[in-house]
Amino acid sequence: MHGKHILLGVTGGIAAYKSADLVRRLRERGAEVQVVMTRGACEFITPMTFQALSGRPVRTDLWDAAAEAAMGHIELARWADLVLVAPASADFLARLAGGRADDLLTTTCLATTAPLAVAPAMNHQMWLNAATQANVALLKARGVHIFGPESGEQACGENGPGRMLSPLQLVALADDELRPAGVLAGRRVLITAGPTREPIDPVRFISNCSSGKMGFAVAQAARAAGAEVVLVSGPVSLPTPPGVERVNVESAAEMLEAVLPRLSGTDIFISTAAVADYRPAHPADRKIKKTDDSLSLEMTRTADVIATVAARPDRPAFVVGFAAETNDVEQNALRKLERKNLDMIAANEVGHNKVFNCPDNELTVLWRGGRQLLPQAPKTQLAHDLVALIAARFAARGA
Ligand code: CTP
């Protein structure tokens with residue numbers, strides 16, 4: 001944990017007294033700890049205690065002008081390698097699940113790209129309440145790590161699940177979270193996802209049916225495999241996977257512009273985006289008015305993002321493309337692999353209600369001298385298998 005930045009959120013609950021010890025244990029391991037307390041937490045334990053133990057002024061207020069000037073809440077969110085909220089009260093979990101930004105801690109949680117872990121602590125009936133359970137399920141689905149709670153005797157004198165894990169248990173879990181693990185630990189992966197939009201006029205565009213689901217699932221899987229992941233995404237309605245840096249773009253030209261300066265230091269480039277091949281040659285400055293006649297649009301080629309990347313001297317060591325085909329899937333995909341100078345291509349059949357916006361997919365993955373079928377599965381599972389295959393081929397390159 002040496003030198004790691006842990007933002008410890010403390011919310012209102014009697015277990016807050018254990019968090020004082022947690023700060024000590026984290027610092028013993030070499031971590032730097034910045035404490036952020038909610039108003040409720042300050043009813044149970046004073047900021048002074050945490051200040052003394054963490055060696056840093058405690059943050060309690062989003063509207064504290066002096067503290068914001070020293071380190072604003074967005075900087076705080078960026079500073080963190082891990083955000084750990086312990087104890088996490090039922091109210092805090094509800095606010096987090098609701099996407100609220102109504103105090104410094106929830107705002108920081110929304111703004112961070114660091115992994116987020118919560119250690120719930122509350123009365124067992126509150127924990128078992130359907131509302132709390134639904135909030136926890138939602139947070140889990142969004143990639144928030146739920147540490148505990150454990151069962152046992154509670155401060156209220158009752159027995160059941162809702163006790164916060166011990167400081168030592170929390171330190172061990174936080175350590176796991178911070179440790180780069182997985183087959184892509186220490187690797188940088190750049191991924192494109194979603195459709196592009198090519199403007200016709202200020203209110204119209206040409207686009208396609210890509211939902212971005214596969215690319216987002218690949219980003220999440222690469223992150224879970226330990227990689228540093230940057231996701232350049234066209235317009236989609238998907239949440240950013242936790243720990244992934246996202247760059248939003250609209251057109252193919254913007255996608256290329258976002259990708260090129262990020263190539264340096266990138267080991268693996270994965271192009272899942274459904275980039276438009278053509279764009280209107282002369283997008284109108286004003287809304288095009290209808291007439292009785294038909295309308296013809298002159299179209300011109302867009303840049304081929306992956307081919308441009310693969311042809312550059314600072315090309316990442318491993319470049320992976322996708323091929324969406326309606327016919328002769330493997331043959332067409334192999335041609336693309338060669339034509340675009342790729343290291344691997346994941347081919348799938350599209351059309352007839354297949355792939356776009358579907359939760360499931362099936363991929364034939366091809367590389368020079370090899371192929372593997374990844375059978376029909378939910379996109380998250382498929383992404384996981386694809387990332388494992390990419391990692392294996394990446395490791396074997398040149399061998
Ligand atoms: N691609 C890209 N930039 C483009 C077009 C495609 O980066 N302008 C990438 C896609 O992200 C994908 C691969 O190229 O990884 C193949 O995309 P696909 O649309 O299947 O192929 P095209 O190059 O468009 O070829 P065709 O039109 O012949 O199918």
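Quick note: the coordinates plus some simple rules give every number you see, no bench work behind them. What you see is a predicted model; the values in this text were computed from it and never measured. Backbone-built Cβ (ideal geometry, glycine too); neighbour counts: all protein chains shown.
Tally Lys and Arg at +1 and Asp and Glu at -1 over the other residues with C-beta under 14 Å from the C-beta of residue 314: what net charge comes out?
Details: positive: 188, 262, 312, 315; negative: 267.
Summing Lys and Arg as +1 and Asp and Glu as -1 gives +3.
Between their Cα atoms, which of 140/213; 213/289; 4/340; 4/379 are more than 30 Å away from each other?
Details: 140/213 18 Å; 213/289 35 Å; 4/340 41 Å; 4/379 33 Å.
The pairs that break the limit, which is 30 Å between Cα atoms, are 213/289; 4/340; 4/379.
Please identify the DSSP H helices in the chain that span no less than 20 Å along the helix axis (Cα) and have a mean Kyte-Doolittle hydropathy of 0.5 or more.
The qualifying helices are 379-396.
Kirkwood Rh over alpha-carbon pairs of region 293-355, then Stokes-Einstein at 37 °C and 0.692 mPa s: what D in µm² s⁻¹, rounded to an integer?
Values: Rh = 13.6 Å.
Answer, rounded: 242 µm²/s.
Using only the alpha-carbon atoms of region 1-125, report the extent along each of the three principal axes, biggest first, to the nearest angstrom.
Dimensions of region 1-125 along the principal axes of its Cα atoms: 39, 27, 25 Å.
Among 84, 113, 203, pick out the residue whose Cα is farthest towards the positive end of the charge dipole of the chain, where Lys and Arg carry +1 and Asp and Glu carry -1 on C-beta, about the Cα centre.
So the residue we want is 113.
GNM, the chain, Cα, under 10 Å: largest mean-square fluctuation among 315, 368, 223?
Highest fluctuation of the listed residues: 368.
For the chain, what class follows from the C-alpha gyration tensor (a ≥ b ≥ c being the square roots of its eigenvalues): rounded when a/c is under 1.5, otherwise prolate if a/b is larger than b/c, else oblate?
Numbers: a/c = 2.18, a/b = 1.84, b/c = 1.19.
Note, shape of the chain comes out prolate.
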